[in-house]
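The values are calculated or read from the model by the stated rules, or taken from the named source; none is laboratory data. Keep in mind it's a predicted model, so treat the numbers as computed, not measured. A quick note on method: Cβ atoms are made from the backbone with ideal geometry, for glycine too, and the neighbour counts reach across all protein chains shown.
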Amino acid sequence: MSETKKVIIIGAGPSGSVAAALLQKKGYQTIILEREQFPRFSIGESLLPQCMEFLEQAGLLDVVNQAGFQLKTGAAFLHKQQYSSFCFSDKFSKGFGTTFQVLRADFDHLLAKEVQKMGVIIHWQHEVTAADFSSSRPKLTVNNEKGQPYQIDADFVLDASGFGRVLPRLLNLDKRSELPVRQSLYTHLEDKIDCTKYNRNKIWIVVHPEMGDIWYWLIPFSNGRCSLGVIAKPELIDSLGNHQQAFQQLIAQEPNLTRLLKNAVFDTPINSLKGYSTDVSDLYGQGYALLGNAGEFLDPVFSSGVTIAMKSACLAVDVLDRQLSNQTVDWQTDFVDTLQQGVDTFRTYVNAWYDESLQDVIFYDKQQANIKAMVCSILAGYVWDKKNPYVKNSRARLKTLAELCRDD
């Protein structure tokens, strides 16, 4: 490059750190503006194996492997007495077969510190309050850690602000998600699980015994604690009292979790996130692009959030690198359409989960190994692998499979 180009990234979460690392490796001046001070709490704690590829591309895999996070080898699904397990190493697609379950406060801070070592500048507790993309160089208005405003310009801005959704708010890009409004209640606890058959290397996804659209997650960490959450319709949660009361009642209604957590110490307040599914009218514009949850978030059921975020970072940096090198680029084709192909595959599976057709597939007791491997690849995050028939024609294939499982 004849001159060093400057890229500003809003947010130091996983997509921001991955994008920053990739840009720094390519020789750009990269500055992250982060509203919070890390470490800070965040949800989205169960990674998918596809994430490992993105971390490897960014030069962040070694530090994650060495951090002592809880190994994750697959997913276990439970409904009453039905049990189904998926081992990621048995997937159809090539690539990593394991990943980690992480306390996001530690994970995100680890990635941020590592990109700082690479030379990325991070301004902590700097909040973007206004954005101007009317000229050739985007300009942001920012309040620093003392609340003092200043302005900063760059050649391009990547919004990796997650649920903060900075540019969607400032530029009026928010669009109502097509997914129904749902609410999550969740907490961390000392699990004290003593069941010898319990495998901490798997996430547990548990279906309510009577209502198939209510489900629970149990994500174990390496420190003897776990993340426990439940997803339900907001009106149902409201009918059960305050968040603490609703959470206790819904957990008590699931006998598998009640038995497993009989010795648990519930020592952390209940958190809530309502209407978490989000969308935008545009994922890019003159001088900016949106990464991860700043653009679209589907649902936590298959832990897709961090995977989509990291994929968006890799795609955006590739297009941006070519653009800043004065090459002709097509953001719609090379960024939006490519990203959307995988998001739409996840969307198909999210919708099928809630209409319970996917549950018919998951709990089918005569699963063929080759088909299970293809479904396993999607659960592992390999939703951009078009060699997988259940990616290439996800909706039609899954619908047919569910019908066959249901009618058998």
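Got a sec? Which strands (runs of 3 or more DSSP E) wholly within the stretch 118-194 have at least 2 residues that are more than 30 Å from Leu250 (Cα to Cα) and not assigned by TED's automatic domain parsing to the domain that holds Ile231? Can you show your working first?
Numbers: elements: 121-124, 127-132, 139-143, 149-153, 156-159, 183-190.
Counting at least 2 such residues, we get 121-124, 127-132, 139-143, 149-153, 156-159.
Any chance you could count how many residues in the stretch 297-314 are surrounded by fewer than 24 Cβ atoms within 10 Å (Cβ to Cβ) and under 27 Å from Lys26 (Cα atoms)?
1
State all residues of the stretch 258-281 that are without any contact (Cβ under 8 Å) to a residue 60 or more places away in the chain and assigned to a loop (DSSP other than H, G, I, E, B); if no residue qualifies, say none.
Lys262
Between residues in the stretch 85-106 that are over 14 Å from Ser377 (Cβ atoms) and assigned by TED's automatic domain parsing to the domain that holds Leu60 and residues that are of a type in the set (A, V, I, L, M, F, W, C) and in a loop (DSSP other than H, G, I, E, B), which pairs lie under 6 Å by C-beta distance while being six or more apart or on different chains?
Correct list of pairs: Phe100/Leu47; Phe100/Phe69; Val102/Phe69; Leu103/Phe221; Ala105/Phe41.
Can you confirm whether Asp159 is among the charged types (D, E, K, R), buried (at least 18 other Cβ atoms within 10 Å of the Cβ), modelled with pLDDT of 90 or more and closer than 30 Å to Thr141 by Cβ?
yes
Quick check, is Val361 crowded, with 18+ Cβ neighbours inside 10 Å, assigned by TED's automatic domain parsing to the domain that holds Leu398, at pLDDT 95 or above and in contact with a helix residue (DSSP H, G or I) (Cβ under 6 Å, 6 or more places away or on another chain)?
yes
When both residues are 6+ apart or on different chains and their Cβ atoms are under 6 Å apart, which pairs have a first residue that lies in the stretch 147-173 and is touching a residue at least 12 places away in the same chain (Cβ under 8 Å) and farther than 25 Å from Asn326 by Cβ, and a second that is surrounded by fewer than 15 Cβ atoms within 10 Å (Cβ to Cβ) and of a type outside the set (Gly, Ala, Ser)?
The qualifying pairs are Pro168/Asp174.
Hey, could you check the stretch 92-128 for residues that are farther than 19 Å from Gln70 by Cβ and of a type in the set (Phe, Trp, Tyr) and say which is surrounded by the fewest Cβ atoms within 10 Å (Cβ to Cβ)?
The residue in question is Trp124.
Is it true that Gln340 is over 26 Å from Ile9 (Cβ atoms) and either assigned to a helix (DSSP H, G or I) or modelled with pLDDT of 95 or more (or both)?
Numbers: over 26 Å from Ile9 (Cβ atoms): no; either assigned to a helix (DSSP H, G or I) or modelled with pLDDT of 95 or more (or both): yes.
Spelling it out, it is not the case that Gln340 is over 26 Å from Ile9 (Cβ atoms) and either assigned to a helix (DSSP H, G or I) or modelled with pLDDT of 95 or more (or both).
So Thr268 passes all but one of these: (1) modelled with pLDDT of 95 or more; (2) surrounded by fewer than 20 Cβ atoms within 10 Å (Cβ to Cβ); (3) under 25 Å from Glu178 (Cβ atoms). Which condition number does it fail?
With respect to (1) modelled with pLDDT of 95 or more; (2) surrounded by fewer than 20 Cβ atoms within 10 Å (Cβ to Cβ); (3) under 25 Å from Glu178 (Cβ atoms), Thr268 is out only on (3).
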